[in-house]
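The values are calculated or read from the model by the stated rules, or taken from the named source; none is laboratory data. Since we're looking at a predicted model, the values are computed, not measured. In this analysis, Cβ positions are derived from the backbone assuming ideal geometry, glycine residues included, and neighbour counts consider all displayed protein chains.
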Amino acid sequence: MTVFVVSLFLPNTINFTLPTSTSRVGTRRSSNAGKTGKPPLGRRHTAKPLLDTRKPSLFAQRDITPPQTPTADANHDEFFAQDVDPDLHVAHYPKQENRTSILAPSDPHSPAWGSGRLLTQPKSRAGSPPPANILEHNKLVDKAAALGRAGIRQPQLQGRSESHDRVFAHADWTVVPADQGNGGLRNAVQAAVRNGKLHDKIWVGTLGMPTDALEDTQRKQDIEDRMATEYDSLTVFCKDSDFDGHYTHYCKQILWPVFHYQIPDNPKSKAYEDHSWVYYVAVNQAFADKIIKNWKRGDVIWVHDYHLLLVPSMIRKKLPDAKIGFFLHVAFPSSEVFRCLAVRQELLEGMLGANLIGFQIKEYARHFLQTCSRILCVEATNDGVQLEDRFVDVVDLAIGVDPVALEMNRNDTEVQTWLTTMQERYRGKKLIVARDKLDNVRGVRQKLLAYELFLNMNPQFRDKVVMIQVATSTTEQAELDATVSDIVTRVNSSWANLAYQPVVYLKQDIVYPQYLALLTVADALMITSQREGMNLTSHEYLFCQDGKFKGHNKHGSLILSEFTGSASVFGGNELSVNPWDYRQCSEAIKKALEMEDEEKDTRWEKLYAAVMHHTAEHWHTAFLDRLDKAYDEQHARGATSVPRLSINTLGSQYQRSERRLFILDYEGTLASWGSPTSIILTSPQRTLDVLNDVLLDERNMVYVMSSRKPEELDILFKRVPNLGLIAENGCFIKEFKADRWVEFADPEKMREWQKSVTGILQYYQERTPGSFIETRHCSLVFHYKNAEDSESASRQAGDCASHINDACEEQRVRAIPVEGAVIVEPIDWNKATAAKKIYARMKRHIPPNMPYESPVDFLLVAGDGRDDEVIFRWANELGKDNTVKSVTTVSLGNRNTEAGTTIAQGVTGMLTVLQKLAKIS
């Protein structure tokens, strides 16, 4: 079995060697090198290939110039400096083709650790991004046509572009570890391989670089062959325009903001959905085609993150039996936010192509289920989504860090050197550290404002506290960058002196040894993300705070935004803050710095236990184990897997039995579906005759179950004496040979919740012409099958179900979308609970001298709807543990089911089976 690990970026990429650049690579030493007898600060030691300290290479170079601050203590930047050639911005780095143990940055959407290295790769041929104003788009196209341009190339640059392409088409190349990508995923896969939990894997992804310049088909084939044979990777080649439209435009400017509760439709938006959606589809299709071409029966396909939401469904269409898992590493927003996407239905259906969908925490999983119910109008349970032809399992499983690799990296001598250096430099100071991507989601601005408020309110801490904020830069946040720099300047202008700088703001990444040392010496880590799937920086911080390093045996505090996934994992042992509440954040800083050592130790021990439980390897293994289980269960319930009912086998079991129980659904099983508002309530004569024939044998007990009201069932079956009845899906029971109904649901509670739900249903009925509300004793039904506008009615029904499920959860009721209706019924009563009551009552009446424990030795349960699945499950359990000698569950139709057998002929087939059994003496 091979596991396809499908992520947008491969763990490795290509670096080209150009004759014009290799001779110019050089290094620049720090200005303080050689003055203290210590290693030059910021210089990379290439003798330790274990440490992955490289700089991002995706399409754009970072600005590594930190903002100027009015302070005399200006060598903080030199302290964290890196060896970069001043002309080429290319650093020395060791050959890395044969590196076997690399710890990637854990946070999946942060750039990698920078050593100052820039990869030599082609420039993108992608066209310019669409303008902020959609109305300007046509003007741009017309202008391009008038100038005779292709894409973004101007005529005067055409020759230069062609020359650029020829250089890369013939340049030498090597495979090197990639800088961009999901570090947490890579660490998890590496840990699983190291510990023997993953034996055969194939990475599927792009090289993370423009490839149009590699026009030579043979060159692309050579790269693809080497990646496959030496690096277990299938390379997906996309046109530069497709990748740019997919990643830069749709993923980063549409999906990323929406998934983090920010609507992208604003005047400053640089992309709009109509422009970039086609590119998103194209890249997803390229991934699906690559996987389909290489898939073999038994392989596992594991798709990752919001870049590839459509891939599961695309694969499912071509490979119906494939085992597909999908995991979303970022947050999933509430339905109110997600529904703002124009292609919301396509995205949800794409994800639902998987057998198992994973989220970081329960909140995200719940949002997904509610969104599916609301937008797709499907039944969403706590375990997953019930589609018409199959069930999709949904699970929450938090990813973590790899402690083994972290420990290996932390024991490097360079980390210990940096640790000693930092302790000396910041001796007598309390350190608050942070490392964030500089975008609106990470909350860097809010953090600095809270820190400024803390200094204003607590003058006793001035000269004693330093905040070191590492901000990995992005090319899309110029305004935020300027705002943050202004705040830093203001804080340092107010409180700095010749010996003290309250904020060290590094608008560049630091090398990995510096990062680990910084986490170790910190007195507090402060994370104020406005939304974040799972912040693994906090996990690494807690791991580094174990006190193992000489001279550092304290435990620091963790200040963590309540809007991160990690906050749900840590169980309140961190200092939880609302990033928008600056006063609360300020007070959290004060508490973190003043906290007694005993409390710090207690909190850290609980947090550390959570980190060591939710490891990367545990996440990997638990997800794949759950995927195997979900696939087996779903495959066993598939329409093609469930065997046909054998009448001969059933007849033999029937003939050998002495105590028989039949529980049969009515509409769709014993009779065709009729109108719920029919004035004349009658059952087909054949149905009545069959039931009477079965009841002629005194060894038979027959119950008919329905969603109809008790009085309606009395009318329908008044000509079948001694028949047992189950009304309103289990809320009422008339026992076999009894004359009166027993109501299990509390009438007072029923009236209470129906009163509030009726108001909600009336609201949606008014907005759905042609719909109506049916009131039953224990349930309500919103019918919209005959609505004037079916599309609008379906949308209103989804909103209605979501509204009720959100508002009435405490009242123990649920809204279930079915075809043409929304049924609102109690959670605590269903057909299975009614069957259990019947079975328990029969068991109590077994004569004490009888040699058997079960009241029946033959059980036949038949149904056709989703509400029958619970009773199938109950009956199957009786058969598995041999409580009942012969158990047969039958489902009518061609859908996935938990029933053990099916009948394809529908109502006619079911009545024929019962007739044949009745004739057996």
>> touching a Pro at 6+ places or on another chain (Cβ under 7 Å) and over 18 Å from Asn535 (Cβ atoms): is that true of Leu506 in this structure?
In response: yes
> Are any of the residues in the range 513-524 out of contact with any His (no Cβ under 9 Å at 6 or more places or on another chain), of a type in the set (Asp, Glu) and crowded, with 24+ Cβ neighbours inside 10 Å?
Replying inline: no
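Would you confirm whether or not the range 888-909 contains a residue that is in a loop (DSSP other than H, G, I, E, B), at pLDDT 90 or above and of a type in the set (A, V, I, L, M)?
Of the range 888-909, the ones in a loop (DSSP other than H, G, I, E, B) are 893-900, 904-905.
From what is left, the residues that are at pLDDT 90 or above are 899-900.
Still in the running and of a type in the set (A, V, I, L, M): 899.
Checking the range 888-909: at least one residue is in a loop (DSSP other than H, G, I, E, B), at pLDDT 90 or above and of a type in the set (A, V, I, L, M).
Restricting attention to the range 768-776, does a residue exist that is modelled with pLDDT of 85 or more and assigned by TED's automatic domain parsing to the domain that holds Asn876? So that I can check it myself, show each step before the final result.
So in the range 768-776, the residues modelled with pLDDT of 85 or more come out as 768-776.
Filter once more, so that each one left must be assigned by TED's automatic domain parsing to the domain that holds Asn876: none.
Taking every residue of the range 768-776 in turn, none turns out to be modelled with pLDDT of 85 or more and assigned by TED's automatic domain parsing to the domain that holds Asn876.
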>> Kindly evaluate Ala499 against the criterion of being within 30 Å of the chain's Cα centre (by Cα) and surrounded by fewer than 21 Cβ atoms within 10 Å (Cβ to Cβ).
In response: no
> Looking at Gln530, Gln477, Gln508, which is the one that is closer than 19 Å to Ile589 by Cα and not assigned by TED's automatic domain parsing to the domain that holds Phe327?
Replying inline: Gln530
> Hey, any hits in the range 835-854 for a residue that's surrounded by 22 or more Cβ atoms within 10 Å (Cβ to Cβ), among the hydrophobic types (A, V, I, L, M, F, W, C) and out of contact with any Pro (no Cβ under 6 Å at 6 or more places or on another chain)?
Replying inline: yes
> Lys296 versus (1) part of a loop (DSSP other than H, G, I, E, B); (2) within 30 Å of Phe570 (Cβ to Cβ): which is the lone unmet condition?
Replying inline: (2)
> Taking interchain pairs and intrachain pairs at least six residues apart, which have beta carbon atoms under 9 angstrom, with the first residue in the range 482-497 and farther than 20 Å from Met457 by Cα and the second at pLDDT 90 or above?
Replying inline: Thr483/Arg445; Val484/Val444; Val484/Arg445; Val484/Leu448; Val484/Gln469; Val484/Tyr505; Ser485/Tyr505
> Is it true that some residue in the range 381-389 is under 23 Å from Leu308 (Cα atoms), of a type outside the set (Val, Ile, Thr), at pLDDT 95 or above and within 14 Å of the chain's Cα centre (by Cα)?
Replying inline: no
>> Need a quick list: helices (runs of 4 or more DSSP H) entirely within the range 556-631 having at least 3 residues that are out of contact with any Phe, Trp or Tyr (no Cβ under 6 Å at 6 or more places or on another chain) and within 26 Å of Arg462 (Cβ to Cβ).
In response: 582-594, 597-613
> Out of (1) assigned by TED's automatic domain parsing to the domain that holds Ala592; (2) in contact (Cβ under 8 Å) with a residue 60 or more places away in the chain; (3) surrounded by 20 or more Cβ atoms within 10 Å (Cβ to Cβ), what's the single condition that is false for Leu448?
Replying inline: (2)
>> Among the numbered criteria (1) of a type outside the set (A, V, I, L, M); (2) in a loop (DSSP other than H, G, I, E, B); (3) under 20 Å from Ala524 (Cα atoms), which one does Gln416 miss?
In response: (2)
